[in-house]
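These notes concern the structure reproduced below.
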Amino acid sequence: MKRMLEDKVALVTGAAGGIGRSSALLFAAEGAKVAVADRNAAGAEETVALIHEQGGDALALNVDVTNRTQVDTMVSKIVETYGRLDCAFNNAGITGGQIGQGGRFTADWDEEAFDNILNVNLKGTWLCMRAELKQMMAQGGGSILSTASLAGLCGFPTTTGYSASKHGVVGITKTAAMEYAPTVRLNALCPGYIDTDMLKDTMSRRGELILSQIPSGRLGSGNEMAEMACWLLSDRASYATGQAFTVDGGFMAG
Ligand SMILES: NC(=O)c1ccc[n+]([C@@H]2O[C@H](COP(=O)([O-])OP(=O)(O)OC[C@H]3O[C@@H](n4cnc5c(N)ncnc54)[C@H](O)[C@@H]3O)[C@@H](O)[C@H]2O)c1
């Protein structure tokens, strides 16, 4: 049986660690040539080395997704190197805890932090989507997945800027899916609580409560997100577009 991303060219942003690294490794194992993009250049190189170790083909790109020129150059370099871009996973992101807003209610968020998180999570995703769509429309097809969150679907106290940015990711995904169908499919992935560096601050403040609310009784792994991402980006998901897909150990079932 053909591997899920055989002969595809894939991009993963935020691929220096966490969900992005797990996804880059799985996409390569499923046959894709993978562009590994992150603002953490050393981490991106490490991911590429891991892909090479498993016999795959990958390229590290040092990119800040908030910088339009860098984002456009990222897509140009992928096309220069591999000839096209079939699957793009816009996954780079930050949380409030990482910019000093952990535990703050809406009226207590700093204006600068609010702008910063919207800039990375929402504008950064849009800038990537914009460059990817231009390339995919020109080549006649492709699929795009962007990482939102459960906080992109409903309210979570203390996540104001994060929640705004992730609701925005779902919004631009649905809008672009309608605009670019049937040539390009666009979806959003809404992970539950996943065991990565990003979650450390949250778990240190209210880990016990969180675990008690997850029917599966544990955090999810980067690999478990990568599996869904891989399928959604593959041709096997050919009728899936314009949706936000939750993978959360049952958290939202209640
Ligand atoms: N971990 C969770 O529980 C969880 C839950 C829901 C959604 N998410 C989302 O999943 C995505 C991946 O997060 P993760 O948990 O793997 O965290 P992570 O911190 O391990 O990975 C995020 C990556 O994004 C990169 N990044 C941040 N800002 C960037 C920028 N401006 N340009 C380029 N790269 C940038 C970081 O360097 C890092 O490698 C994020 O969008 C996050 O919001 C995570």
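No lab work stands behind these numbers, since they all come straight from the coordinates. Everything numeric in this text was worked out from a predicted model, so none of it was measured. Cβ placement follows ideal geometry from the backbone for every residue including glycine, while neighbour counts extend to all protein chains displayed.
Pairwise Cα distances in the chain exceed 35 Å in 10 percent of cases. Checking the cross-link pairs LYS8/LYS174; LYS134/LYS174; LYS33/LYS123; LYS123/LYS174; LYS123/LYS200; LYS8/LYS134 against a 20 Å limit on the alpha carbon distance flags LYS8/LYS174; LYS33/LYS123; LYS123/LYS200 as lying beyond it. With the simple spin-label model, which puts each label point 7 Å out from Cα in the Cβ direction, the LEU211 to ASN223 separation comes to 2.0 nm.
Each residue of region 7-18 is assigned a 3J(HN,Hα), and the resulting list reads 6, 8, 10, 10, 10, 10, 9, x, 9, 7, x, x Hz, derived from the Karplus form 6.51 cos²θ - 1.76 cosθ + 1.60 (θ = phi - 60°), x at Gly and Pro.
Ellipticity at 222 nm from helices only: DSSP H runs of n ≥ 4 in the chain, each -39500 (n - 2.57), divided by the residue count, give -14000 deg cm²/dmol. Our estimate of slack between MET178 and ARG236, defined as 0.36 nm per intervening residue step minus the Cα-Cα distance, is 18.9 nm. Of the chymotrypsin sites (Phe, Trp or Tyr not before Pro) found in region 142-241, the ones in coil according to DSSP and having at most 10 other Cβ atoms within 10 Å of their Cβ are TYR239. Under 5 Å between amide hydrogens, built in the peptide plane, is the criterion, and for ALA88 it picks out LEU11, SER143, ILE144, LEU145 among residues at least 5 positions away or on other chains.
Whats the longest run of the chain with zero trypsin sites (Lys or Arg not before Pro) that are DSSP loop and have at most 16 other Cβ atoms within 10 Å?
85-217
Taking the C-alpha atoms only, the angle from helix 160-180 to the longest principal axis of the chain is near 30 degrees. The charge dipole of the chain, taken about its Cα centre with unit charges on the Cβ of Lys, Arg, Asp and Glu (plus for the first two, minus for the last two), comes to roughly 480 debye.
Sparse packing (at most 14 other Cβ atoms within 10 Å of the Cβ) combined with a DSSP loop state is found for the following chymotrypsin sites (Phe, Trp or Tyr not before Pro) in region 67-158: PHE105.
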